[in-house]
1. Going by the alpha-carbon gyration tensor, a ≥ b ≥ c the square roots of its eigenvalues, is segment 88-147 rounded (a/c under 1.5) or, if a/c is not under 1.5, prolate (a/b greater than b/c) versus oblate?
2. Could you size up the charge dipole of segment 31-161 around its Cα centre, putting +1 on the beta carbon of Lys and Arg and -1 on that of Asp and Glu, and report it in debye to the nearest 20?
Amino acid sequence: MLKKIFRSLVALSLLSVPVCLVGCSDDDNEKTEEEQGVKTVQISDLVGTWEIVYSTYSYKNNGVVQESGSEDVSDEHNRFVFYPNGNFEFHEYSDYTNDWHEDGKGTLYMRNGKLECVGDFAEFAILSCTKNKLVAKYKFVDEEEGVIYEDEYTDTMERVE
């Protein structure tokens, strides 16, 4: 008797699965990015000076991680400056001279609705951007005496100008 009840419950539950699967839909796939609350970052959103306040980093030699971590870097005062024409520069701050020097540059452009980058960066992507907060992921690659050095960063920045 218990076996019959168990079989009946299993059969009933199997009958309800297709109804649930048919009844459930993934409406997010049909919504536009704007309807989902996703905003495509435009070059005009980036224009200005952004100071790096927090960094997650990874340093590799020939693909092997030598060091990685994350830390508050607001006291280093390193910055990205984005211009209306799509050009941008990474400015490194020097405590010795009390000023910034350009240590990398690139150009952003729109391609198929997404930002693309060319320049000194092996990779560059904007992960998120609001009026006062920017998160970017980028990588520098250099080769010296047969060793390939990869420095990868995910930086959180605050608008300063």
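Derivation of every value follows stated rules applied to the coordinates shown; laboratory data play no part. Every value quoted in this text rests on a predicted model; they were computed, and no experiment measured them. Glycine gets a Cβ as well: all are built from the backbone with ideal geometry, and neighbour counts include every protein chain shown.
1. oblate
2. Magnitude of the dipole: close to 900 debye.
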